[in-house]
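Asker: Let me give you the structure first, and then I'll get to my questions.
Each reported figure results from applying straightforward, stated rules to the coordinates on display, with no laboratory input. Here the structure is a predicted model, which means the values were calculated and not measured. Heads up, the Cβs are rebuilt from the backbone with ideal geometry, glycines too, and the neighbour counts pull from every protein chain shown.
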Amino acid sequence: MLRVLLELVAIIKTLQNGTSSMATFLSTPAQPTYQTKTAKTAHVAAFITTKPTFLPLKTWPTLTAKERLRQQLHLLSYQSGLSSIYARLKQASVATILMYHSIPTEQEAQWTAPENCISASTFEQQMRFLSQHRRVISLDKLIAHIKSGKPIERGTVVITFDDGYRNNFTVAAPILAKYNLPATIYLATSYVNAAQNQWVDTLYAALRTCSEYQLNLSDSNLLAPDFSASVQDSWNLGSWNLTDPLQREQAYDKLTDYLIEADVLERQTLLAEIDRQLAPRAYPPRLTLNWDEVRQIQRQYPKITLGIHTANHLDLSLHEDQTAQEMATSIEHMVSETGMPPTHFSFPYNRYTAKAQAQVAASQIASAVAVAEDPVVRSDTSLYALPRLSAPPSLLMLKSWTNGGFPDVSRKLFNRIWTIPY
Ligand SMILES: [Zn+2]
């Protein structure tokens, strides 16, 4: 009993440290380099040296006390060795596919939506741990294994990155190489073509560096007259006073929800209107890979596989009629820029329909990842809906999710699982 209590105290301490280090990481001041307003339009990096003021913007949900307690109990099941014993007794045969996005430099962290970030130091800790205590294999190897029908070895892990952040090349790839780990990077290829930042980061940066504080998006007249009636109706998004931190959070949440579901034109229109009203004082540096950097990854890091994530980062569950076009465009981009047809695909926002899934399979693609209710890969998992787990910002949680006992031991003990990495 005493050991259990000591373990619980250790976990709570770790969680507290994790929270404060995350807060420190997110509030680290920016380095004095970023793009000017004119540079953004031309996609040219012209740097100025005045540091912008960043308004704080919290984008991570706060867990309730009950959720925190459950999370701690889950971690306790790992710390106490229980889930490990369970995995051994049950001869667990599961693999975990981890989903990362951005591993930002200190400067990039100020401009990147925090829910997509794992700090470089945490990432390195996690890679060191995985290289020493887990069996990290490439996606190709995992697929071959599933096709063979043999049981998956306990502790098998696959590392993936979504979207095509520049720091996957500058920060993550050297760390992966240091530990000799394979990984797959899924590119949203139109964003790479334009070396354009992801819309979520454009939104995040605009809300943090605005010089005007009233955002009014409750007027459909702001839209072009040829927009469909359904878009006109959905435009009534609200209005916010951005001097209030809570309203900044609410604006971010509401606009993120809308932009995930928007098509390309709606997305561009909304971001242009936000930019017009907020008149940001500064713009982010380039956060997305360009093709030159993608080719350097190919040359320098043979253990990294390149996959696709559509061309325009569209929600294919809502735009399934555009799936074939998105697949054809992104495959064409990859072939013409890298000389290699892609074989792996990642559903944007992890959303898909059976029809979109069938169209992906018909595009000479060998696998597709998403997020499923059962968050681990088993021997009979569909190759076109391979489940992933969003990589947690804590080493302890990563350990507990990849030891083979997860998620079954959580289901047994608590009758549910938790995959929220907060
Ligand atoms: Zn994505």
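Asker: Kindly state, to the nearest 0.05, the FRET efficiency for Thr62 paired with Asn241, given R0 = 22 Å and r defined as their beta-carbon distance. Intermediate results must be reported in sequence, preceding the final value.
Answerer: Working: r = 22 Å, r/R0 = 0.98.
Calculated transfer efficiency: 0.55.
Asker: Only counting other Cβ atoms within 10 Å, I'd like Phe54, Phe414 sorted with the fewest neighbours first. Show your work: numbers first, answer last.
Answerer: Details: Phe54 17, Phe414 13.
Placing the least packed residue first, the sequence is Phe414, Phe54.
Asker: Additional query: Between their Cα atoms, which of Lys141/Lys303; Lys90/Lys150; Lys150/Lys178; Lys66/Lys412; Lys178/Lys303; Lys58/Lys254 are more than 21 Å away from each other?
Answerer: On the way: Lys141/Lys303 12 Å; Lys90/Lys150 16 Å; Lys150/Lys178 30 Å; Lys66/Lys412 19 Å; Lys178/Lys303 12 Å; Lys58/Lys254 14 Å.
Listed pairs above 21 Å: Lys150/Lys178.
Asker: Exposure proxy check: Arg416, Arg388, Arg135, Arg286 ranked by fewest other beta carbons within 10 Å? Can you show the working numbers first?
Answerer: Values: Arg416 10, Arg388 24, Arg135 15, Arg286 19.
Ascending number of Cβ neighbours within 10 Å: Arg416, Arg135, Arg286, Arg388.
Asker: Extension gain Phe129-Arg411, at 0.36 nm per residue separation less the Cα-Cα distance, in nm? Kindly include the intermediate steps, with their values, before the conclusion.
Answerer: Working: separation 282, 0.36 × 282 = 101.52 nm, distance 2.53 nm.
This chain segment gains 99.0 nm when fully extended.
Asker: Once fully extended, how much extra length lies between Asp219 and Leu82, figured as 0.36 nm per residue of separation less the alpha-carbon to alpha-carbon distance?
Answerer: Values: separation 137, 0.36 × 137 = 49.32 nm, distance 5.60 nm.
Going from the current span to full extension adds 43.7 nm.
Asker: Under the 0.36 nm per residue contour assumption, what length would be gained going from the current alpha-carbon distance of Ala361 and Leu383 to full extension?
Answerer: 7.0 nm
Asker: Now, a different point. Estimate the FRET efficiency between Asp257 and Leu69 by the formula 1/(1 + (r/R0)^6), using the beta-carbon distance for r and 22 Å for R0, to the nearest 0.05.
Answerer: Details: r = 28 Å, r/R0 = 1.29.
Calculated value: 0.20.
Asker: Using Cβ contacts closer than 10 Å as the measure, can you line up Glu212, Glu337, Glu67 from fewest to most?
Answerer: By the 10 Å Cβ count, ascending: Glu212, Glu67, Glu337.
Asker: I've got another one for you. What does the charge count around Ser363 come to, taking other residues whose C-beta lies under 14 Å from its C-beta (Lys +1, Arg +1, Asp -1, Glu -1)?
Answerer: Details: positive: Lys355; negative: Glu320, Glu326, Glu332.
Net of charged neighbours comes to -2.
Asker: First measure r as the distance between the Cβ atoms of Thr53 and Tyr179, then evaluate 1/(1 + (r/R0)^6) with R0 = 45 Å and state the FRET efficiency to the nearest 0.05.
Answerer: Details: r = 38 Å, r/R0 = 0.85.
My answer for the efficiency is 0.75.
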